[in-house]
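The values are calculated or read from the model by the stated rules, or taken from the named source; none is laboratory data. Not measured: the values here are computed from a predicted model. Cβ coordinates were reconstructed from backbone atoms using ideal geometry, including for glycine residues, and neighbour counts include every protein chain displayed.
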Amino acid sequence: MKSWKELPIGAMIIEPGNSIEYNVAQWRVFRPVLDKNKCTKCGLCWIFCPEGAIVRNEDESYEVNLSFCKGCGICQRSCNVKAITMIKEEGL
Amino acid sequence: MFKTIKDLPRDEYLAPGHRLCAGCTVGTAVRQILKASGGNVVVVTATSCLEVSTSYFPQTAWRVPWIHLGFENSAAVAAGIESALKALRKKGKSNEDFHVMVISGDGGTFDIGIQALSGALERGHDLLYICYDNEAYMNTGIQRSSATPYAAATTTSPPGARSIGQRTHKKDLVGIAIAHGIPYAATACPSYPIDLMNKVRKGLDVEGPSLLHVLTPCTTGWRFDPSLGIEIGRLAVLTGLWPLYEVDRGVTRLTVQVPKREPVRKYLELQGRFKHISENEINKIQEIADKNAEKFGLGPIKE
């Protein structure tokens, strides 16, 4: 986090979308793990994720970006073929 | 017009790292809304969960032009922005084609902001007003609003020996909006993304004011497991408590058909805020769903 001396005058935020610098991964209790063999590439987890933590690649494959995931489990519930499982984080 | 999930744009205009609760469907709804808008929007946000959790100084989750206001004047400021953009275009000082969109919570729409909303709708500004409705003031600690449904428990409508929870019924926001004679108003739910995104597109493209009322289940205030948000939204639609319809220039049309309705009990028993209610209240809530079904042409209850 920047100190007040480094911030622009007038409490301006000059970089759009800079909340990606904040690490939400520390909120997580359960971690989604995607089984690519079971995945049918339907995209439901991607459109229902409240964070945008599911990445939709150019070849229509999907993966989880764990640095943005809060571990809510909506992706697991939305997956009809049960390709996503929630695993408890270690050290909790 | 979006038809399948593959048609939906990849662009993310709400950056990850915002501080909405894990499992909050407002995040889902706003992602879908901004995807549908294509990024050519000025977003006006009244004080709400969305506002406080997306703009933690010195960070912001917005990748579109965004302005934050108090509870009461979001529609008035959006009307001002729309007029200013129109004036700049008229004078030839700008040729940018920006739409103006308000995203406001149910407190900022149903209670505190309704005067400004009514004014903006009446004056006919070209803006899309989106109310995301989590059915109480969740941001300040789950106080009741006039969007809280019958019999729900909140901190200011607590259930007990002499109380059933919320005593009054939810306002009909789309009805209020249509009474102003606006060209387009609709209900939506992030559990039905294609439906929601097409309605956003329609609301932005239409000439004049339009309103979208989006139900966003709240894991903290409705007291359910964070993973259930999307399913609860879907059950609200399937039980008939949240019919998805649009009113396009006076013609009401159901956009998501429900051939067989689920009983409301299925929707209520998943939520802690309805844990206290008796058979009598369940029957009364079932009557609300039956009335909706009759009004919008939903199917009979599943056996």
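Quick test for you: out of B:186, B:120, pick the one residue that is in contact with a Pro (Cβ under 9 Å, 6 or more places away or on another chain) and away from chain A (no Cβ under 14 Å).
B:120
Residue check: is residue A:36 surrounded by fewer than 20 Cβ atoms within 10 Å (Cβ to Cβ), more than 10 Å from the chain's Cα centre (by Cα), over 22 Å from residue B:190 (Cα atoms) and in contact (Cβ under 8 Å) with a residue 12 or more places away in the chain? Quick ask: steps written out before the conclusion?
Working: surrounded by fewer than 20 Cβ atoms within 10 Å (Cβ to Cβ): yes; more than 10 Å from the chain's Cα centre (by Cα): yes; over 22 Å from residue B:190 (Cα atoms): yes; in contact (Cβ under 8 Å) with a residue 12 or more places away in the chain: yes.
Judged against the criteria, residue A:36 is a match.
Does residue A:81 satisfy the condition of being under 13 Å from the mean Cα position of the chain (by Cα), surrounded by fewer than 16 Cβ atoms within 10 Å (Cβ to Cβ), more than 10 Å from chain B (Cβ to nearest Cβ) and at pLDDT 90 or above?
On the way: under 13 Å from the mean Cα position of the chain (by Cα): no; surrounded by fewer than 16 Cβ atoms within 10 Å (Cβ to Cβ): yes; more than 10 Å from chain B (Cβ to nearest Cβ): yes; at pLDDT 90 or above: yes.
Judged against the criteria, residue A:81 is not a match.
One line per residue, one yes/no per condition, for (1) over 30 Å from residue B:1 (Cα atoms); (2) of a type in the set (Val, Ile, Thr); (3) outside any helix (DSSP H, G or I):
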site: B:238; (1), (2), (3): no, no, no
site: B:241; (1), (2), (3): no, no, yes
site: B:246; (1), (2), (3): no, no, yes
site: B:252; (1), (2), (3): no, yes, yes
site: B:273; (1), (2), (3): yes, no, no
site: B:276; (1), (2), (3): yes, no, yes
site: B:293; (1), (2), (3): no, no, no
site: B:303; (1), (2), (3): yes, no, yes
For this session: Mind counting the residues in segment B:10-40 that are touching a residue at least 12 places away in the same chain (Cβ under 8 Å), facing another protein chain (nearest Cβ under 10 Å) and outside any helix (DSSP H, G or I)?
Result: 13
For this session: Inspect segment B:139-158 for any residue being surrounded by fewer than 24 Cβ atoms within 10 Å (Cβ to Cβ), within 24 Å of residue B:296 (Cβ to Cβ) and in contact with a Ser or Thr (Cβ under 6 Å, 6 or more places away or on another chain) and give the result as yes or no.
Result: no
For this session: Scan segment A:50-66 for residues that are touching a residue at least 12 places away in the same chain (Cβ under 8 Å) and either within 14 Å of the chain's Cα centre (by Cα) or part of a strand (DSSP E or B) (or both) and report the count.
Result: 11
Seminar exercise, completed: Per the filter on segment A:50-73, residues within 18 Å of residue A:38 (Cβ to Cβ) and either aliphatic (A, V, I, L, M) or more than 7 Å from every other protein chain (Cβ to nearest Cβ) (or both) are A:54, A:55, A:57, A:59, A:60, A:61, A:62, A:63, A:64
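Is it the case that segment B:93-102 has a residue that's in contact with a Gly (Cβ under 8 Å, 6 or more places away or on another chain), closer than 27 Å to residue B:31 by Cα and buried (at least 17 other Cβ atoms within 10 Å of the Cβ)?
Initially, segment B:93-102 is screened for residues in contact with a Gly (Cβ under 8 Å, 6 or more places away or on another chain), giving none.
No, segment B:93-102 contains no residue that is in contact with a Gly (Cβ under 8 Å, 6 or more places away or on another chain), closer than 27 Å to residue B:31 by Cα and buried (at least 17 other Cβ atoms within 10 Å of the Cβ).
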Exercise. Pairs, please: C-beta under 8 Å, at least 6 apart or cross-chain, first residue over 28 Å from residue B:39 (Cβ atoms) and in segment B:97-118, second part of a helix (DSSP H, G or I)?
Worked result: B:110/B:173; B:114/B:176; B:118/B:176
Problem set entry | Filtered residue count, segment A:31-49, keeping only those that are more than 9 Å from chain B (Cβ to nearest Cβ) and in a helix (DSSP H, G or I) | 1
Exercise. For segment B:56-69, which residues satisfy the criterion of being surrounded by fewer than 20 Cβ atoms within 10 Å (Cβ to Cβ), under 21 Å from residue B:107 (Cβ atoms) and at pLDDT 90 or above?
Worked result: B:67, B:68
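Has segment B:45-53 got at least one residue that is closer than 17 Å to residue B:105 by Cα and at the interface with another protein chain (Cβ under 10 Å from one of its Cβ atoms)?
Quick first cut of segment B:45-53, residues closer than 17 Å to residue B:105 by Cα only: B:45-53.
Filter again for at the interface with another protein chain (Cβ under 10 Å from one of its Cβ atoms), leaving B:53.
Among the residues of segment B:45-53, at least one is closer than 17 Å to residue B:105 by Cα and at the interface with another protein chain (Cβ under 10 Å from one of its Cβ atoms), which makes the answer yes.
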Exercise. Only one of (1) in contact with a Lys or Arg (Cβ under 7 Å, 6 or more places away or on another chain); (2) free of Cβ contacts under 8 Å to residues at least 12 places away in the same chain fails for residue A:30. Which number is that?
Worked result: (2)
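Is it the case that residue B:122 is under 22 Å from residue B:296 (Cβ atoms), of a type in the set (Asp, Glu) and touching a residue at least 24 places away in the same chain (Cβ under 8 Å)?
Values: under 22 Å from residue B:296 (Cβ atoms): no; of a type in the set (Asp, Glu): yes; touching a residue at least 24 places away in the same chain (Cβ under 8 Å): yes.
Considered against the rule, which asks whether it is under 22 Å from residue B:296 (Cβ atoms), of a type in the set (Asp, Glu) and touching a residue at least 24 places away in the same chain (Cβ under 8 Å), residue B:122 comes out as no.
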Exercise. Can you name the condition, by its number, that residue B:148 falls short on among (1) touching an Asp or Glu at 6+ places or on another chain (Cβ under 6 Å); (2) over 30 Å from residue B:272 (Cβ atoms); (3) among the β-branched types (Val, Ile, Thr)?
Worked result: (2)
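With respect to residue B:281, is the statement that it is surrounded by 20 or more Cβ atoms within 10 Å (Cβ to Cβ) and in contact (Cβ under 8 Å) with a residue 60 or more places away in the chain true?
Working: surrounded by 20 or more Cβ atoms within 10 Å (Cβ to Cβ): no; in contact (Cβ under 8 Å) with a residue 60 or more places away in the chain: yes.
No; evaluated as a whole, the condition is false for this residue.
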Exercise. Does residue A:69 qualify as being surrounded by 14 or more Cβ atoms within 10 Å (Cβ to Cβ) and in contact (Cβ under 8 Å) with a residue 40 or more places away in the chain?
Worked result: yes
Exercise. Taking the stated definitions as given, is residue B:94 outside any helix (DSSP H, G or I) and modelled with pLDDT of 90 or more?
Worked result: no
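For residues that are more than 7 Å from chain B (Cβ to nearest Cβ) and either surrounded by 15 or more Cβ atoms within 10 Å (Cβ to Cβ) or aliphatic (A, V, I, L, M) (or both), tally how many sit in segment A:15-30. Quick ask: steps written out before the conclusion?
As a first pass, look at segment A:15-30 and keep what is more than 7 Å from chain B (Cβ to nearest Cβ): A:15, A:23, A:25-26, A:28-30.
Those left that are additionally either surrounded by 15 or more Cβ atoms within 10 Å (Cβ to Cβ) or aliphatic (A, V, I, L, M) (or both): A:25, A:28-30.
Residues meeting the conditions: 4.
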